[in-house]
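The values are calculated or read from the model by the stated rules, or taken from the named source; none is laboratory data. Being a predicted model, the structure only gives us computed values, none of them experimental. With ideal geometry, Cβ positions are generated from the backbone for all residues, glycine too; neighbour counts draw on all protein chains shown. We work out accessible area using only protein heavy atoms, side chains counted, and drop any ligands, DNA or RNA first. Shrake-Rupley method; radii C 1.70, N 1.55, O 1.52, S 1.80 Å.
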Amino acid sequence: GAGVSQSPSNKVTEKGKDVELRCDPISGHTALYWYRQSLGQGLEFLIYFQGNSAPDKSGLPSDRFSAERTGGSVSTLTIQRTQQEDSAVYLCASSSYQGRYNEQFFGPGTRLTVL
Amino acid sequence: GDSVTQMEGPVTLSEEAFLTINCTYTATGYPSLFWYVQYPGEGLQLLLKATKADDKGSNKGFEATYRKETTSFHLEKGSVQVSDSAVYFCALNTDKLIFGTGTRLQVFP
């Protein structure tokens, strides 16, 4: 595709429910990143994938958060037993390779609201 | 750990005014430095980048120079336009992006 796509664009859920957020990276990009943008915490790194493996999960805030990537393409971020503090915009980015020189291209984000 | 500090906003300017948004960083190793911009209702876009000391990144009239001695990457533009109104994020990249808190710029005609 032309850019990184994410779905859904908006998700409203009740506290305690599980949610799945999807990211489709730019075709051919091997590196994929998840970030979270919230009022209180700004833009935070969550996890990145190189291919299907996740060398750095250090940003995941708790064990309720998990992510997977299959086929070196689509990634899913899952939040179990959602809490109100999980409300944020979840951003996905991809780059042609993983490394400090490389530009990351961002998707439009999924706005998650936990009631 | 690695971190980025940006000046607090909002920054409010008249059209054609000079813009500076300060950014300093703390990092082990040799990061690349980026400015990303988020226009109202849109996603994050790369504005410019610099990958080593003394490099100058530039785009759309914006410039920033990677200063290792002062650990800074200040964003400048000589003459801002109303269309530059957005939130600007400074970031460093070692193997993932570490962002500053963002600075909102409002330009009035």
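Computed values, structure above
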{"quantity": "All positions within segment B:38-74 that are aliphatic (A, V, I, L, M) and more than 18 Å from A:SER95 (Cβ to Cβ)", "calculated": "B:ALA53, B:ALA64"}
{"quantity": "The one condition in (1) touching a residue at least 40 places away in the same chain (Cβ under 8 Å); (2) more than 10 Å from chain B (Cβ to nearest Cβ); (3) open to solvent by 40 Å² or more (accessible area, probe 1.4 Å); (4) not hydroxyl-bearing (Ser, Thr, Tyr) that A:ILE26 fails to fulfil", "calculated": "(3)"}
{"quantity": "Flag for B:LEU33 being within 14 Å of another protein chain (Cβ to nearest Cβ) and in contact (Cβ under 8 Å) with a residue 60 or more places away in the chain", "calculated": "yes"}
{"quantity": "Selection count where residues are farther than 14 Å from A:SER94 by Cβ, in contact with a strand residue (DSSP E or B) (Cβ under 6 Å, 6 or more places away or on another chain), of a type outside the set (Gly, Ala, Ser) and assigned to a strand (DSSP E or B), scope segment A:47-67", "calculated": "2"}
{"quantity": "Condition met for A:SER62 (open to solvent by 70 Å² or more (accessible area, probe 1.4 Å) and under 29 Å from B:GLN6 (Cβ atoms))", "calculated": "no"}
{"quantity": "Count - residues of segment A:12-23 that are open to solvent by 70 Å² or more (accessible area, probe 1.4 Å) and touching a Leu at 6+ places or on another chain (Cβ under 6 Å)", "calculated": "1"}
{"quantity": "Some residue of segment B:75-95 being assigned to a strand (DSSP E or B) and basic (Lys, Arg)", "calculated": "yes"}
{"quantity": "Exclusive hit being buried (at least 17 other Cβ atoms within 10 Å of the Cβ) and modelled with pLDDT of 95 or more, set A:TYR90, A:TYR48", "calculated": "A:TYR90"}
{"quantity": "Looking only at segment B:1-30, and only at residues there that are over 15 Å from the mean Cα position of the chain (by Cα) and within 14 Å of chain A (Cβ to nearest Cβ), the one that is nearest to A:LEU91 (Cα to Cα)", "calculated": "B:ASP2"}
{"quantity": "Scan of segment B:15-25 for residues that are open to solvent by 30 Å² or more (accessible area, probe 1.4 Å) and within 14 Å of B:ALA53 (Cα to Cα), ordered by number", "calculated": "B:THR24"}
{"quantity": "Checking B:LYS77 against (1) surrounded by 14 or more Cβ atoms within 10 Å (Cβ to Cβ); (2) within 11 Å of chain A (Cβ to nearest Cβ), the condition it does not meet", "calculated": "(2)"}
{"quantity": "Matching entry among B:THR101, B:THR51, B:THR94 (being without any contact (Cβ under 8 Å) to a residue 40 or more places away in the chain, within 11 Å of another protein chain (Cβ to nearest Cβ) and hydroxyl-bearing (Ser, Thr, Tyr))", "calculated": "B:THR51"}
{"quantity": "Any hit, segment B:35-42, residues being β-branched (Val, Ile, Thr) and either modelled with pLDDT of 95 or more or open to solvent by less than 80 Å² (accessible area, probe 1.4 Å) (or both)", "calculated": "yes"}
{"quantity": "A:GLU68 being free of Cβ contacts under 8 Å to residues at least 60 places away in the same chain and surrounded by fewer than 16 Cβ atoms within 10 Å (Cβ to Cβ)", "calculated": "yes"}
{"quantity": "Filter pass, A:LEU43 being within 14 Å of chain B (Cβ to nearest Cβ), crowded, with 18+ Cβ neighbours inside 10 Å, of a type in the set (A, V, I, L, M, F, W, C) and touching a strand residue (DSSP E or B) at 6+ places or on another chain (Cβ under 8 Å)", "calculated": "yes"}
